[in-house]
Amino acid sequence: MKVSAVRALFAVANRPEIVSLAGGMPNIHDLPLGDIASNVAEMILTNGAKVMQYGSGQGEPRIREQICDVMALEGISAHPDDVMISAGSQQGLDLVTRIFCDPGDVVLAESPSYVGAIGTFLSYQAEVVHVAGDDCGIDPDALRETVARLEAAGRRIKFLYTIPNYNNPSGITQPWERRVEVLGVCRELGILVVEDNPYGLLSLDADPVPAMRSVDSDVIYLGSFSKTFAPGFRVGWVLAPHAVREKLVLAQESATLCPPVFSQFAISTYLEHSDWQGQIDAFRTMYRTRRDAMLKALADHMPPGTSWTHPIGGFFVWVTLPEGIDAQAMLPRGVDARVAFVPGAAFFADGQGARNARLSYCFPPAERIIIGVERFADVVRNELDVLDIFGVRAPTKHPQAAGPGAETY
Ligand SMILES: Cc1ncc(COP(=O)(O)O)c(C=O)c1O
C-alpha cells in the first residue's frame with residue numbers, strides 16, 4: 001500500500017474556486033431527507049434494540065431478500081442465502097481478494113480499471129495484469145492471448161475483475177454479445193469472473209444491459225447502494241456461489257464480526273417506504289443533463305487530436321490527449337488553471353495511461369462542468385503550444401504515478 005504523490009494536489013483541488021472533475025462522488029443533494037429522517041426515527045422508536053445490536057455475519061435476512069428484487073432489475077435471479085452484505089462493495093472486493101489471492105497470484109483486469117480495486121489487489125500482493133480492450137470492453141482474443149502467455153510462464157490466474165457497465169474510469173459498457181463472448185472464453189479457460197456493478201441502474205439512455213451474472217451463476221457479483229442511494233451508509237453486497245459465500249462470511253466475521261446493522265435496517269426501511277425506483281429515475285435525469293453538458297463542452301472546446309468516450313451511464317468520461325502530452329505532468333498546471341481531473345496512470349498497475357485523464361460529471365452542476373471543461377481545454381492547448389515551440393514539455397517532478405489513493409472513487 002502506498003500513499004499517492006498527488007494526494008496533496010487533490011487537497012488543493014477541493015478549494016471552491018477549483019472545478020473538480022476529479023472526484024467520483026454521487027450527487028445526493030436531491031434525496032428526500034425529510035422522509036428518510038422520519039422513517040429512520042420511526043425505525044429506532046419501534047425497533048431500536050434490534051437495529052443497534054450486533055447482527056448476522058452474512059447480513060440481515062430482510063435486506064438480502066430486497067437485494068434480490070433490486071438485482072432482478074438487471075436480469076439476475078438469485079436466492080437471499082447466496083447474498084452476503086458488505087461495508088460497501090469495496091469491502092466485498094477486499095474479502096473476495098482475501099479468500100482467493102495469495103502473494104504472486106494474478107488478477108486480470110480491464111485496461112483501464114477501477115483504482116480502488118487495483119489498490120485492493122496490490123494490497124494482497126497479487127499482480128494486476130490488464131487485458132486490452134476496445135470500445136465494447138474486454139477484447140476476447142486479447143483475453144485468450146493474455147491467459148495463454150501467463151499460463152505458459154507458470155503464473156496462477158485467480159480471476160478476471162470486470163466492470164461491464166459504464167466502467168470506472170473509461171465509461172465503456174460491454175454490449176450483451178460481448179459479455180456472452182467474454183463469459184464463454186472464461187468458462188472455456190477455467191477463469192472465474194468477478195463482476196463489479198455499482199452503477200448498473202444509472203443507465204442514461206436506454207435500459208441497462210443484463211448483468212453477466214444473469215447468464216452464469218458461477219460469476220461472483222458485487223453490488224452497492226452507494227450510487228443509487230447514498231455511500232455514507234456503507235452497504236454493498238456480494239452474490240456468490242454457495243461454497244464461496246460460506247468462505248466470504250467467515251472472512252467477514254473475522255474482519256468486522258458483522259456488516260453495519262443500523263445501515264442495513266435504514267436502507268431496508270428506505271426500500272420499503274420510499275419511491276426508490278422513482279429516485280433512481282430522478283438521478284438518471286440529473287446525471288444525463290450533466291453528461292450531455294460535458295460531452296458538448298468537450299466537442300466545443302477540445303483541440304484536435306483529443307478523443308473521448310461517450311458513456312451511456314455512470315459518472316465518467318475517459319479522455320485521450322494529443323500525442324506528447326503527459327496528463328500526470330499536466331495536473332499541477334490544471335490545478336493552477338482551477339480545474340482538477342484524475343491522470344489516467346492511476347487506473348493502471350503497469351504504467352499505461354500517461355495520455356489519459358478521467359473526467360467526472362457526477363458532482364458539479366452543468367454550468368460548472370462547462371467552465372471546468374473550458375479550463376481543461378485551455379490547459380491542453382497550452383501544453384500543445386509548449387510542445388510546438390520546444391518539441392518536448394519541460395518535465396515536472398513526479399516521483400510516482402497517481403496510484404490508488406489519489407482519488408479512490
Ligand atoms: C467500480 C467501483 N467499484 C466499487 C466501488 C466502491 O463503492 P462502494 O464501496 O461505495 O460500494 C466504486 C466506487 O467508486 C467503484 O467505482
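Any read-out appearing in this document is the output of simple, stated calculations on the displayed coordinates, not a laboratory observation. What you are looking at is a predicted structure, and each value in this text was computed from that prediction instead of being measured. Every residue, glycine among them, receives a Cβ derived from its backbone with ideal geometry; neighbour counts consider all protein chains shown.
What ³J(HN,Hα) values, in whole Hz, does the Karplus curve 6.51 cos²θ - 1.76 cosθ + 1.60 give for segment 375-390 when θ = phi - 60°, with x put for Gly and Pro?
Calculated HN-Hα couplings, in order: 5, 4, 5, 4, 5, 5, 4, 4, 4, 5, 4, 5, 4, 4, 6, 9 Hz.
What are the ³J(HN,Hα) values, in whole Hz, obtained from phi via the Karplus relation 6.51 cos²θ - 1.76 cosθ + 1.60 with θ = phi - 60°, for each residue of segment 335-343 in sequence order, with x given for Gly and Pro?
Once θ is set to phi - 60°, the couplings for segment 335-343 become 5, 4, 8, 6, 9, 10, 8, 9, x Hz.
So what are the three principal axis dimensions of segment 54-273 from its Cα atoms, in whole Å, longest to shortest?
Result for segment 54-273: principal-axis Cα extents of 51, 41, 27 Å.
Amide H neighbours of residue 139 under 5 Å, counting only residues 5+ apart in sequence or on other chains, H built in-plane at 1.01 Å?
HN-HN under 5 Å from residue 139: 133, 134.
Tell me the label-point distance for the pair residue 352, residue 250, using the 7 Å Cα-to-Cβ offset, in nm and rounded to one decimal.
Each label point lies 7 Å from its Cα, and together they span 3.6 nm.
Whole Å is fine, so just give me how far the alpha carbon centre of segment 5-65 lies from that of segment 135-165.
Each part reduced to its Cα centre gives a spacing of 35 Å.
May I ask you to list the aspartates and glutamates whose Cα is less than 14 Å away from that of residue 296, ignoring any residue fewer than eight positions away on the same chain?
Straight-distance partners of residue 296: 367, 374.
Which ³J(HN,Hα) values, rounded to whole Hz and listed in residue order, are derived for segment 23-35 from phi using the Karplus coefficients 6.51, -1.76 and 1.60 in 6.51 cos²θ - 1.76 cosθ + 1.60 with θ = phi - 60°, glycine and proline given as x?
Each residue's phi maps through the Karplus curve to give x, x, 6, x, 8, 9, 4, 8, 5, x, 4, x, 5 Hz.
Say the dipole of segment 54-273 comes from +1 at the beta carbon of Lys and Arg and -1 at that of Asp and Glu; which of 78, 66, 104 then lies farthest toward its positive end?
Value computed over the given set: 104.
Mind putting together the pair-distance distribution for segment 163-310? All Cα pairs, 10 Å bins, whole percent per bin, short to long.
Cα pair-distance distribution for segment 163-310, in percent: 9, 30, 33, 21, 6, 1.
State the dimensionless ratio Rg/Rh of segment 7-130 (Rg: radius of gyration of Cα atoms; Rh: Kirkwood radius). Display every interim value, and only then the final one.
Working: Rg = 19.4 Å, Rh = 18.6 Å.
Value, to two decimals: 1.05.
To the nearest 20 debye, what charge dipole does the chain have about its Cα centre, counting +1 at the Cβ of each Lys and Arg and -1 at the Cβ of each Asp and Glu? Don't skip to the end; give the middle numbers.
On the way: 34 positive and 48 negative charges, 204 e Å.
The calculated dipole for the chain is roughly 980 debye.
Once Rh for the chain is found with the Kirkwood sum over Cα pairs, what is the Stokes-Einstein diffusion coefficient at 25 °C and 0.890 mPa s, in µm²/s?
In µm²/s, the coefficient rounds to 112.
Stick to the Cα atoms of segment 188-232, pair each with every other, and give me the Kirkwood hydrodynamic radius in Å at one decimal. Show your work: numbers first, answer last.
Numbers: mean 1/r = 0.0834 Å⁻¹.
For segment 188-232, inverting the mean 1/r across all distinct Cα pairs yields 12.0 Å.
Can you give the calculated 222 nm mean residue ellipticity of the chain, where each DSSP H run of n ≥ 4 adds -39,500 (n - 2.57) and the sum is split over every residue, rounded to the nearest 500 deg cm²/dmol?
Theoretical 222 nm ellipticity from helices: -14000 deg cm²/dmol.
Using a Gaussian network model of the chain with C-alpha springs under 10 Å, which one of 63, 369, 99 is most mobile by mean-square fluctuation?
99
Would you list which lysines come within 26 Å of residue 2, measuring only between C-alpha atoms, while excluding same-chain residues fewer than 8 positions from it?
158, 397
Could you give the angle, 0 to 90 degrees to the nearest 10, between helix 140-152's Cα long axis and the longest principal axis of the Cα atoms of the chain?
Compared with the principal axis, the helix lies near 80 degrees.
Between segment 264-289 and segment 89-122, what's the alpha-carbon centroid distance in Å?
That distance is 29 Å.
Taking only the Cα atoms of segment 63-192, how large is their convex hull per residue, in Å³?
On the way: hull volume 14.8 nm³, N = 130.
Expressed per residue, the convex hull around the Cα atoms of segment 63-192 is 114 Å³.
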